[in-house]
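Since the structure comes first, as structure tokens, the remarks are kept for the end.
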Ligand SMILES: Nc1ncnc2c1ncn2[C@@H]1O[C@H](COP(=O)(O)OP(=O)(O)OP(=O)(O)O)[C@@H](O)[C@H]1O
Ligand SMILES: [Mg+2]
């Protein structure tokens, strides 16, 4: 699949902070790419570079096949940006804001207004569109801002934390909008701190921490690789706990963790084939069980594992080819 | 991590040459840039139409001075010749109008940058110069309106133009150019200062000596020598002299070259400074 966004070795320094060091991104056209990371990880900096608002200190990037530094005007023709904070003229109404952008994108004033009305209608802002933006609620502002970034029918859309501060209902609406745009072939780069959001929307996720890529992959891949899977067994009868522990040790080479209250045993599992062997062993030993299952870590566990110091960062970098800081 | 081979996604754009051969760098033509600047300038007119009281706000200051000096201080300054004092005061106050309005330019720019509206504009395929140019062009409307309001109100209380319409138009044109040159100081401040609320306070430090250290309110001869030296040099004094000639037929145009030199000076100093600050603050 052709790449809509490709960045190699991006570096950006501010006075005494290095916001990005050696960031790589490759986003196939028509997909959603999630950029996940804690505060200060460099997400906004990366988006601003890719939107031609900042010049990187090193590295290069192409959007829609056009070099960001060599041909920024062409890049700007194909991108839309919804920044982390709504970027509208607060004194003007949403309609006036969008119509102005339409005019700047070379629409006639009639077509600019029509386009503005259509978009604001799609975002449920028809009733409010003639009011100054400063009278809008936070959620309305974000929706108006998102609408503003779509005036030029971008083929690549950057959304910097588009749902921060939205109620669950508005958040679902934004998600639906993103899915709708992707169905039309738009490429979306989305930054978020909500793991669930990345999990829901993104085809692939890049995890940033301290300006470096610490992991990259499909959401399920990331979860599997970050935490590995866990095998959980709970024998029906307490006296079987030791037997089961022995079997698990024999099969996986790990001493299982015991939950004394429930009698549940858990053990990290790398090879899913162990499952069938386990069932067989349990049957041979005459152990009945109430619970037997494989579990992937939640996105939150993954996120913490990847971004916290001393977490499971090192093996991740090996498996995923990320670069150590 | 190795990058997959560079490929081009489907795009309505013209066929793309491989990067190695150097893609055509697309630029925005000057005519297009002017059109964009005017579209952006329309923002100002929309705001004025919507919120006429914003103009009242900015004309309040000159009108306040008009009334204060005509009715409160003319007795003391001009020995009771209120009407004669008014005739001399108005041409000077008209110079004060664009000077005072330039403060708003910096505040508006700083607000646009802080609110991210500027980033939105910069992410659009428009000329780099359009946002600033639009701001400056949009201000012309404010200059004209405030000059008209002050002229109108002062005529009501007894000011009389003594010259022909051509001279009046020339005076108005000169004041607009004066505003357009001095506004770069304000734009520079708007870019350098991080918060909009701090902008007027700093600009007032420049606007006050320019406006009060002039011959608008009192003749230079009444002042101590060191102050006279500044007043006679001050571009606002020079512009006031020119205005008195063009509106009242009083004096001559001998101050015009000095006034024009000041305007050129403001441009030569603040325009490059602004451009440099613009590139810095906006990360390019
Ligand atoms: N204009 C700037 N000047 C100085 N430092 C900056 C600037 N912009 C960003 N930084 C620094 O760069 C680092 C990355 O910032 P960035 O805004 O990209 O993070 P982020 O991942 O978007 O964080 P958040 O989740 O809080 O939005 C931070 O340490 C920040 O302080
Ligand atoms: Mg951010």
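Each value in this text was obtained by applying a stated rule to the coordinates, not by laboratory testing. Small disclaimer: the values here were computed from a predicted structure and weren't measured. Reconstructed Cβ throughout: ideal geometry from the backbone, glycine too, with neighbour counts over all protein chains shown.
General remarks:
- The per residue volume of the convex hull around the alpha-carbon atoms of chain B is 182 Å³.
- When you restrict to C-alpha pairs under 8 Å that are six or more residues apart and normalise by the size of chain A, the relative contact order lands at 19 percent.
- Percent RCO, i.e. relative contact order, over the range B:30-282, from Cα pairs under 8 Å lying at least 6 residues apart: 27 percent
- Other protein chain Cβ atoms within 10 Å, averaged over every residue that makes up A:62-74: 6
- In terms of its C-alpha gyration tensor, the range A:153-210 has an oblate overall shape, because the principal axis ratio a/c (a ≥ b ≥ c, square roots of the eigenvalues) is not below 1.5 and a/b does not outweigh b/c.
- GNM top mover of A:26, A:183, A:283 - chain A, alpha-carbon springs below 10 Å: A:283
- Directionally averaged shadow of the protein assembly as shown, computed from the convex hull of its alpha-carbon atoms, nm²: 36.1 nm²
- Chain A: calculated mean residue ellipticity at 222 nm from DSSP helix runs of at least 4, using -39500 (n - 2.57): -11000 deg cm²/dmol
- Length-normalised contact order for the range B:167-277 - Cα pairs under 8 Å, 6+ apart - percent: 36 percent
- Packing rank of B:94-105, B:75-86, B:134-145, B:269-280, where each peptide gets the mean count of other beta carbons within 10 Å, highest leading: B:94-105, B:134-145, B:269-280, B:75-86
- Model label sites at residue A:259 and residue A:39, defined 7 Å from Cα along the beta-carbon direction, differ in position by 3.2 nm.
- Inter-chain neighbour count for B:37-48: the average number of beta-carbon atoms from partner chains within 10 Å of each residue's beta-carbon is 3.
- The C-alpha atoms of chain A define a longest principal axis, and helix A:138-148 lies at about 70 degrees to it.
- Expressed as a fraction of 2.2 N^0.38 Å, the value expected for a compact globular protein of N residues, the C-alpha radius of gyration of the range A:229-295 is 0.96.
- Shielding by partners, peptide A:84-90 (average Cβ within 10 angstrom, other chains): 5
- For chain A, the longest principal axis of the Cα atoms and the long axis of helix A:94-104 meet at an angle of about 70 degrees.
- Protection-proxy order for peptides A:244-252, B:48-56, A:46-54, B:218-226, each taking the mean of Cβ atoms within 10 Å per residue, highest first: A:46-54, A:244-252, B:48-56, B:218-226
- Per residue, the convex hull around the alpha carbon atoms of chain A comes to 163 Å³.
- Reported to the nearest whole Å, the Cα centre-to-centre distance from the range B:55-129 to the range A:238-269 is 81.
- Between residue B:204 and residue B:45, the simple label model (points 7 Å from Cα in the Cβ direction) yields a spacing of 3.3 nm.
- 0 to 90° range, to nearest 10: angle between helix B:82-114 axis and chain B longest Cα axis: 20 degrees
- Pairwise label distance in nanometres, residue B:229 with residue B:167, each label 7 Å out on the Cα-Cβ vector: 3.4 nm
- DSSP-defined antiparallel bridges as percent of all bridges, the protein assembly as shown, nearest 5: 65 percent
- Between the C-alpha center of the range B:205-267 and that of the range A:15-61 there is a gap of 53 Å.
- Taking the DSSP bridge list for chain A and keeping only pairs wholly inside it, about 65 percent are antiparallel.
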